[in-house]
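Just so you know, all these numbers are worked out from the coordinates, no wet-lab data involved. Nothing here was measured: the structure is a model prediction, and the numbers come from that model. Glycine also receives a Cβ, built like all others from the backbone with ideal geometry; neighbour counts cover every protein chain displayed.
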Amino acid sequence: MNGVVAQPYYGRVAGTRYYGPYRGYRDRNSTGNAVLTVAGPAAVGAGVGAIMGGGKGAGIGALIGGGGGALYYLVRNRNRRF
């Protein structure tokens, strides 16, 4: 650190001290991640539905896949504060 003494910053738990640059809060639950979590399974469901049942099957597969992706996102981010 070129002769500069690192100042401690304190964690959330009492008595924890960290030395080095403060990294700040990293938001892992961005809107882009939410969209990809829902759109990915919807696209896969649409593809499988199109193979199985044509155009109508693609729509049904997209709805089922999107619903599954949304359910997964909500379960995974259960404690997220909006």
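Suppose we filter region 40-80 for residues that are farther than 20 Å from Ser30 by Cα and touching a residue at least 24 places away in the same chain (Cβ under 8 Å); how many remain?
1
Counting just the residues of region 50-71 that are of a type in the set (Val, Ile, Thr) and surrounded by 13 or more Cβ atoms within 10 Å (Cβ to Cβ), which one comes out nearest to the chain's Cα centre (by Cα)? Lay out the reasoning, then the answer.
Taking region 50-71 as the starting set, the residues that turn out to be of a type in the set (Val, Ile, Thr) are 51, 60, 64.
From what is left, the residues that are surrounded by 13 or more Cβ atoms within 10 Å (Cβ to Cβ) are 60, 64.
Numbers: Ile60: 25, Ile64: 19 Å.
Across region 50-71, the extreme among qualifying residues is Ile64.
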